[in-house]
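Engineer: First the structure, which I've put down as C-alpha cells, then a few questions once you've had a look.
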Ligand SMILES: [Fe+2]
C-alpha cells in the first residue's frame with residue numbers, strides 16, 4: 001500500500017496530512033472496486049448450468065454499478081489532490097486479498113464464492129468508513145452510499161443460496177472454494 005500520499009493541495013477545511021490518510025484509504029477501495037467489477041464479469045462469462053441465464057443477467061447491472069463506484073472513488077481521490085491509481089499492476093501488487101479462484105462452474109457454486117467475495121469487500125468498506133469518519137464527512141458519505149449498494153448486491157446473491165427455512169447454504173464458509181462446494185450441494 002502506498003504511504004506518504006500527502007498532497008500539495010486538497011479540499012478546503014481538510015489538513016494536508018489528513019487528506020493523505022483519506023487518499024491512502026481510498027486507494028485500496030479503488031483497487032477493491034476495480035477487482036470486483038472484473039471478477040463479476042468473469043462470473044458472467046464462466047457461469048454454466050440450469051441457472052445460467054438468471055445469474056448471467058443478474059451480474060451485468062452489478063458490473064455497471066461497481067464501475068460507477070470505482071469512478072466516484074477515483075474522482076474523490078483526484079479532488080483531494082491525490083493520484084487515482086487505476087493500473088492493473090498496482091492493483092495486483094497492493095491488494096490484500098487473493099484473485100478469485102473459481103473458473104467454469106455452475107451458477108450456485110459461483111454465487112457461493114461471490115457471497116464470500118462480497119463479505120470481504122463489505123467488511124473492508126466498513127473499516128474504511130471508521131477511518132475516514134473523524135476526518136471528512138464527504139468521503140464518509142460516499143463510502144456509506146457504496147456500502148448500502150454492495151450489501152444489496154450481496155442480498156441478491158444470497159437470495160439464490162437461501163433455503164425456504166431461511167438458512168444460507170454457504171453459512172460458515174471462509175473461502176470461495178468451500179462456499180462453492182457447499183453451494184453445489186444445494187444445486
Ligand atoms: Fe455479456
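The values are calculated or read from the model by the stated rules, or taken from the named source; none is laboratory data. In this text the structure is predicted, and so the values were computed from the model without any measurement. When we count neighbours, we look across all protein chains shown, and the Cβ atoms used for this are built from the backbone with ideal geometry, even at glycine.
Engineer: Take the conditions within 12 Å of the ligand (Cβ to nearest atom) and at pLDDT 95 or above and apply them to residue 47. Does it pass? Talk me through it step by step, then tell me what you get.
Structural biologist: On the way: within 12 Å of the ligand (Cβ to nearest atom): yes; at pLDDT 95 or above: yes.
Yes: the conditions hold for residue 47.
Engineer: Which numbered condition in (1) within 18 Å of residue 81 (Cα to Cα); (2) modelled with pLDDT of 95 or more; (3) surrounded by fewer than 16 Cβ atoms within 10 Å (Cβ to Cβ) is the only one that residue 29 fails?
Structural biologist: (3)
Engineer: Checking the conditions here, which among 35, 68, 60, 24 is surrounded by fewer than 16 Cβ atoms within 10 Å (Cβ to Cβ) and either more than 16 Å from the ligand (Cβ to nearest atom) or under 15 Å from residue 143 (Cα atoms) (or both)?
Structural biologist: 68
Engineer: Here is a list: 161, 168, 111. Which entry is modelled with pLDDT of 95 or more and in contact with a helix residue (DSSP H, G or I) (Cβ under 9 Å, 6 or more places away or on another chain)? Please lay out each step first, then the result.
Structural biologist: On the way: 161 fails: modelled with pLDDT of 95 or more; 168 fails: modelled with pLDDT of 95 or more.
Of the residues listed, the single one that is modelled with pLDDT of 95 or more and in contact with a helix residue (DSSP H, G or I) (Cβ under 9 Å, 6 or more places away or on another chain) is 111.
Engineer: Right, another one. Condition check: away from the ligand (no atom under 16 Å from the Cβ) and out of contact with any helix residue (DSSP H, G or I) (no Cβ under 8 Å at 6 or more places or on another chain). Does residue 15 satisfy that? I'd like the intermediate steps shown before the answer.
Structural biologist: On the way: away from the ligand (no atom under 16 Å from the Cβ): yes; out of contact with any helix residue (DSSP H, G or I) (no Cβ under 8 Å at 6 or more places or on another chain): yes.
For residue 15, the condition - away from the ligand (no atom under 16 Å from the Cβ) and out of contact with any helix residue (DSSP H, G or I) (no Cβ under 8 Å at 6 or more places or on another chain) - is met.
Engineer: Name the residue, out of 74, 107, that is within 16 Å of the ligand (Cβ to nearest atom) and surrounded by 14 or more Cβ atoms within 10 Å (Cβ to Cβ). Spell out how you get there, then give the answer.
Structural biologist: Values: 74 fails: within 16 Å of the ligand (Cβ to nearest atom).
So the residue among 74, 107 that is within 16 Å of the ligand (Cβ to nearest atom) and surrounded by 14 or more Cβ atoms within 10 Å (Cβ to Cβ) is 107.
Engineer: The conditions are (1) modelled with pLDDT under 95; (2) under 13 Å from the mean Cα position of the chain (by Cα), and residue 100 fails exactly one of them. Which is it?
Structural biologist: With respect to (1) modelled with pLDDT under 95; (2) under 13 Å from the mean Cα position of the chain (by Cα), residue 100 is out only on (1).
Engineer: Still on this model: Taking the condition of being part of a loop (DSSP other than H, G, I, E, B), free of Cβ contacts under 8 Å to residues at least 24 places away in the same chain and closer than 30 Å to residue 21 by Cβ, how many residues in the stretch 132-179 meet it? Before you say what the answer is, go through the steps one by one.
Structural biologist: Pass one, the stretch 132-179, residues part of a loop (DSSP other than H, G, I, E, B): 133-136, 163-167, 169-175.
After this cut, where a residue has to be free of Cβ contacts under 8 Å to residues at least 24 places away in the same chain as well, the list is 133-134, 163-167, 171-172.
Still in the list and also closer than 30 Å to residue 21 by Cβ: 133-134.
Within the stretch 132-179, residues that are part of a loop (DSSP other than H, G, I, E, B), free of Cβ contacts under 8 Å to residues at least 24 places away in the same chain and closer than 30 Å to residue 21 by Cβ number 2.
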